[in-house]
Amino acid sequence: MIRLKLIATIDTLNMKPRDFQEYGDPDSGQGYNYLYEIIGLAKYNPLFANVRMVKDGYAKEFYSTGHNGLFQRVRTTTREFEKAFCNGEFGALQAKVYGNICKSANRSLAQEQYLHKRNQNGDEWLLPLIQEAADAEGVKRPSGSTEFYNWSPKRAYGKYLQSMTKKAIGEGWDDIVAHNYKGQSGYGLPIVGRTLNG
């Protein structure tokens, strides 16, 4: 049985960058594979009614500023959605974090890409809906939009756990190599070295 645990709630009004400043080493070679859900979007845009906005993503352990990569990335993406769909209102949305595994960068990227290779372009992939909503608003699509799915957090967490198996990590890394070290969306990945182990 899958037990879902809320790890953190991130917003853009009450949480400031100083709250996740850890003065960490941006060259640690580590990275987060994270999982979270954005809450509150349907209040501002009816296209998101009855849609669960769950994202599986990657962030370096620390940004160049020394900030915690997970909190920085999640807050930044949440803010992008507020700018696009909530009239720029700070605190309009919340992000509920359910996964925060921090391992070697390549392993975390392999986990993330394993999941996206098997789910992007499917019926529950939210990029087409996000693009439709952005077009209707006459705004640029928020960054990070390619990694959202219409899944319940519990279902997403099951997929997240599956991506951590030895088999999945190996297949995820093979996917990365086959795509010339680019992700499923065509962007270069911040790998460390050219092998799974760096």
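Every number in this text was worked out from the coordinates using simple rules, so none of it is lab data. Keep in mind that what you see is a predicted model, and the values were worked out from it rather than measured. Glycine also receives a Cβ, built like all others from the backbone with ideal geometry; neighbour counts cover every protein chain displayed.
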_I'd like the orientation of helix 166-178 relative to the chain: the angle between its Cα long axis and the longest Cα principal axis, in ° from 0 to 90, rounded to 10._
80
*Under a 10 Å cutoff between Cα atoms, tell me which one of 78, 146, 165 has the largest fluctuation in the Gaussian network model of the chain.*
165
*asked:* Compute the angle between helix 69-85 and the longest alpha-carbon principal axis of the chain, please, reported from 0 to 90 degrees and rounded to the nearest 10.
replied: 30
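Given contacts defined as C-alpha pairs under 8 Å and at least six residues apart, what's the relative contact order of the chain, whole-number percent? Don't jump to the answer; show the numbers that get you there.
Details: 375 pairs, mean separation 53.9, N = 198.
Computed value for the chain: 27 percent relative contact order.
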*asked:* Residues of region 94-130 with the amide nitrogen closer than 14 Å to a label point 7 Å from the Cα of residue 47, along Cα-to-Cβ, please.
replied: 126-130
_Run lengths n ≥ 4 of DSSP H only: what is the helix-derived mean residue ellipticity at 222 nm for the chain, with -39500 (n - 2.57) per run over all residues, to the nearest 500?_
-10000 deg cm²/dmol
_Principal semi-axes in Å for region 6-108 [√(5λ), Cα gyration tensor, largest first]_ = 25, 15, 10
_Among 116, 67, 179, residue whose mean-square fluctuation peaks in a GNM of the chain (springs only between Cα atoms under 10 Å)_ = 179
*Compute log10 of I(q)/I(0) for the chain with the Debye formula, placing one identical point scatterer on every Cα and leaving out solvent, at q = 0.09, 0.10, 0.12, 0.16 Å⁻¹, to two decimals.*
-0.32, -0.39, -0.58, -1.05
*Tally Lys and Arg at +1 and Asp and Glu at -1 over the other residues with C-beta under 14 Å from the C-beta of residue 110: what net charge comes out?*
+3
_Testing the spin-label approximation: label points 7 Å from Cα along Cα→Cβ at residue 23 and residue 195. State their distance in nm._
3.6
*If one computes the Cα centroid of region 116-130 and of region 50-74, what distance in Å separates the two points?*
19
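Using +1 on the beta carbon of Lys and Arg, -1 on that of Asp and Glu, and nothing else charged, what's the dipole of region 8-178 about the Cα centre, debye to 20? Working shown, then result.
Values: 22 positive and 21 negative charges, 72 e Å.
With only Lys, Arg, Asp and Glu charged at Cβ, the dipole is about 340 debye.
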*Among 99, 149, 139, which residue has its Cα positioned farthest towards the positive end of the charge dipole of region 8-178, with +1 placed on the Cβ of Lys and Arg, -1 on the Cβ of Asp and Glu, and the dipole taken about the Cα centre?*
99
*In terms of modelled amide H atoms, which long-range or inter-chain residues lie less than 5 Å from the amide H of residue 99?*
35
*By how many degrees, 0 to 90 and rounded to 10, does the Cα axis of helix 127-137 deviate from the longest principal axis of the chain?*
30
